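All remarks here apply to the structure that follows.
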Amino acid sequence: MFNVNGPKGGTNPPYNGLTSNVILEVQSHQMDENFNIGVSSLYVPIENHQWFVLRATYNRVEKDIETLEKNVAYVYIPKHYVIQNKNGKKKRVLEPLLPNLVFVYSTQSHLEELFREEDDLNHLRFYRDKTKDVSQQDEKHPPVVVPYYEMLNFIKLTSVDSEHIKLVEPEHCHYKSGDKVRIVKGDFAGVVGRVARISGQQRVIVTLTNIGLVSTAYIPTAFMQIIE
């Protein structure tokens with residue numbers, strides 16, 4: 001399964017979401033200067049579009065992909081390798097990093113229309129931001145929208161073929177100085193985040209607003225550049 005798909009169901013070759021060299025470095029002036037990580041030519045900003053997070057009920061994310069591909073600009077399902085021990089043998093298995101969640105680049109009105117009209121998608125729901133108040137009792141919390149630069153940073157991180165990429169809890173992140181850094185060498189080059197120690201290793205933590213924290217593998221100090 002490809003991690004990312006383009007408009008009208010066309011998968012962007014040769015990307016399978018597992019290597020770090022697939023994101024083409026194209027300068028973007030629309031991104032925060034601290035997140036100038038390079039924007040893939042596959043992720044050109046589209047007017048009025050945003051990165052929404054959808055939740056699938058009944059573990060049906062994989063079954064939604066074909067219909068979503070035909071109807072939205074981009075679809076992204078972050079995956080990572082995990083090591084499983086079966087019958088005494090270790091095996092690398094590709095699994096969703098965020099089970100039952102899928103990221104789509106579209107407009108809210110268009111997605112709401114799809115939910116109404118496409119039977120294949122009627123079990124999808126917006127992942128909603130419950131940290132924000134609603135003005136009336138019958139109103140729903142607004143959908144979570146991932147900022148554009150954060151999403152590109154997250155895609156760059158989760159494009160690396162590494163079983164050491166993982167979700168982490170805030171209480172497990174021991175920030176040494178809180179420095180914001182850009183990784184400048186190695187498989188994770190271009191990723192921006194904060195330095196922390198997790199399980200005794202120095203890693204870089206990437207924040208996905210209202211979703212969670214994701215860590216890189218071990219990153220040597222020489223591979224990082226502090227962002228002022």
*Counting just the residues of segment 208-228 that are assigned to a strand (DSSP E or B) and open to solvent by less than 70 Å² (accessible area, probe 1.4 Å), which one comes out farthest from K130 (Cα to Cα)?*
M224
*With (1) surrounded by fewer than 18 Cβ atoms within 10 Å (Cβ to Cβ); (2) part of a strand (DSSP E or B) as the list, and H141 as the residue in question, which single condition is left unmet?*
(2)
*Is it the case that V53 is β-branched (V, I, T) and modelled with pLDDT under 50?*
no
*asked:* Any residue that is open to solvent by less than 70 Å² (accessible area, probe 1.4 Å), more than 27 Å from E62 (Cβ to Cβ) and touching a strand residue (DSSP E or B) at 6+ places or on another chain (Cβ under 8 Å) - is there at least one of those in segment 158-178?
replied: yes
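Need at least 3 residues that are surrounded by fewer than 20 Cβ atoms within 10 Å (Cβ to Cβ) and either in contact with a Leu (Cβ under 8 Å, 6 or more places away or on another chain) or aliphatic (A, V, I, L, M) (or both) per element, so show me which strands (runs of 3 or more DSSP E) inside segment 39-128 make the cut, counting only ones lying wholly within it.
Numbers: elements: 50-56, 74-76, 79-86, 89-96, 101-106, 124-126.
Qualifying strands (runs of 3 or more DSSP E): 79-86.
Could you check segment 182-204 and list, in sequence order, the residues that are open to solvent by less than 30 Å² (accessible area, probe 1.4 Å) and touching a helix residue (DSSP H, G or I) at 6+ places or on another chain (Cβ under 9 Å)? Full working, then the answer.
Applying the first criterion (open to solvent by less than 30 Å² (accessible area, probe 1.4 Å)) to segment 182-204 yields 183, 188, 190-193, 195-196, 198, 202-204.
Across segment 182-204, the qualifying residues are I183, F188, G190, V191, V192, G193, V195, A196, I198, Q202, V204.
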*Among V191, V184, V195, which is the only one that is within 15 Å of the chain's Cα centre (by Cα) and either closer than 23 Å to W51 by Cβ or modelled with pLDDT of 90 or more (or both)?*
V191
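The values are calculated or read from the model by the stated rules, or taken from the named source; none is laboratory data. All of these numbers come straight from a predicted model, not from anything done at the bench. Reconstructed Cβ throughout: ideal geometry from the backbone, glycine too, with neighbour counts over all protein chains shown. Surface accessibility is based on the protein's heavy atoms, side chains included, excluding ligands, DNA and RNA. Shrake-Rupley method; radii C 1.70, N 1.55, O 1.52, S 1.80 Å.
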